[in-house]
1. Quick check on this structure: which one of A:Ile55, A:Ile47, A:Ile26 is among the aliphatic types (A, V, I, L, M) and touching a His at 6+ places or on another chain (Cβ under 9 Å)?
2. Could you go through segment B:88-111 and let me know if any residue there is away from chain A (no Cβ under 14 Å) and modelled with pLDDT of 95 or more.
3. Say whether the condition of being under 11 Å from the mean Cα position of the chain (by Cα), more than 9 Å from every other protein chain (Cβ to nearest Cβ) and either exposed (fewer than 13 other Cβ atoms within 10 Å of the Cβ) or within 17 Å of A:Glu44 (Cα to Cα) (or both) is met by at least one residue in segment B:13-30.
4. In the list A:Asp57, A:Asp109, which residue meets the criterion of being more than 18 Å from B:Tyr87 (Cα to Cα) and of a type in the set (Asp, Glu)?
5. What strands (runs of 3 or more DSSP E) completely inside segment A:2-45 contain at least 2 residues that are within 11 Å of another protein chain (Cβ to nearest Cβ)?
6. Just give me the residues in segment B:28-70 being assigned to a strand (DSSP E or B) and either over 28 Å from A:Trp34 (Cα atoms) or touching a helix residue (DSSP H, G or I) at 6+ places or on another chain (Cβ under 6 Å) (or both), in sequence order.
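The values are calculated or read from the model by the stated rules, or taken from the named source; none is laboratory data. Since the structure is predicted, the reported quantities are computational estimates derived from the model, not experimental observations. A quick note on method: Cβ atoms are made from the backbone with ideal geometry, for glycine too, and the neighbour counts reach across all protein chains shown.
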Amino acid sequence: DAGVIQSPRHEVTEMGQEVTLRCKPISGHDYLFWYRQTMMRGLELLIYFNNNVPIDDSGMPEDRFSAKMPNASFSTLKIQPSEPRDSAVYFCASSPRDGYSNQPQHFGDGTRLSIL
Amino acid sequence: DAKTTQPNSMESNEEEPVHLPCNHSTISGTDYIHWYRQLPSQGPEYVIHGLTSNVNNRMASLAIAEDRKSSTLILHRATLRDAAVYYCILRDRANSGGSNYKLTFGKGTLLTVNP
């Protein structure tokens, strides 16, 4: 079975440019999560969706960041304009419906973003 | 949010058991204890979770203290592929109602496995 697919795996761009990260969740999963990982701050939840609807975006650092989920099989995280401090590894994860079953989150391999 | 405390690092020898501790003294009655691990250059990977009783799966065992204020992840025979950062996480039920939830990762324990 295909897992969570993220693209690109690596992105290097200059500050001020728009960056778009992409994620394809596991088919049938209702939840999609975007995380950011840095040495200083560790792994942080940015935003998550339930059935394509954003539920909690309190982790989004500022207005330069936006996330969308136009359908159940695709999500994007955009940074515009990008800044060097946005350099990090960005992970996407998905999960089946939770209920009380504690379904685990399945993570992609991440996008390593470097802003010069 | 209820928090967890883990040692920064631990070391083990290959083919020996490993006990990774986690303290969560402020755990609430409905918090589940989850363990994830992150291998180098990969995303986190679910390992195991539990509520009150000890749990076993193909990857590991989870021993939960009777008062639930601590737990231990047990790798029965460590291999070199088990070298990773191990995160102990309390499931935080979001306030939006329904079945939404999120996980808050701490710094975890870096496990080194010696050949």
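1. A:Ile26
2. Taking every residue of segment B:88-111 in turn, at least one turns out to be away from chain A (no Cβ under 14 Å) and modelled with pLDDT of 95 or more.
3. So far as segment B:13-30 goes, yes, one or more of its residues are under 11 Å from the mean Cα position of the chain (by Cα), more than 9 Å from every other protein chain (Cβ to nearest Cβ) and either exposed (fewer than 13 other Cβ atoms within 10 Å of the Cβ) or within 17 Å of A:Glu44 (Cα to Cα) (or both).
4. The unique qualifying residue is A:Asp57.
5. The strands (runs of 3 or more DSSP E) meeting that bar are A:31-38.
6. Once the filter is applied, which keeps residues that are assigned to a strand (DSSP E or B) and either over 28 Å from A:Trp34 (Cα atoms) or touching a helix residue (DSSP H, G or I) at 6+ places or on another chain (Cβ under 6 Å) (or both), segment B:28-70 yields B:Val55, B:Asn56, B:Ser61, B:Ala63, B:Ile64, B:Ser70.
Residues checked against (1) crowded, with 16+ Cβ neighbours inside 10 Å; (2) modelled with pLDDT of 95 or more; (3) not polar (S, T, N, Q):
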position	(1), (2), (3)
A:Gln6	yes, yes, no
A:Met15	no, yes, yes
A:Leu21	yes, yes, yes
A:Ile26	yes, yes, yes
A:Asp30	yes, no, yes
A:Tyr35	yes, yes, yes
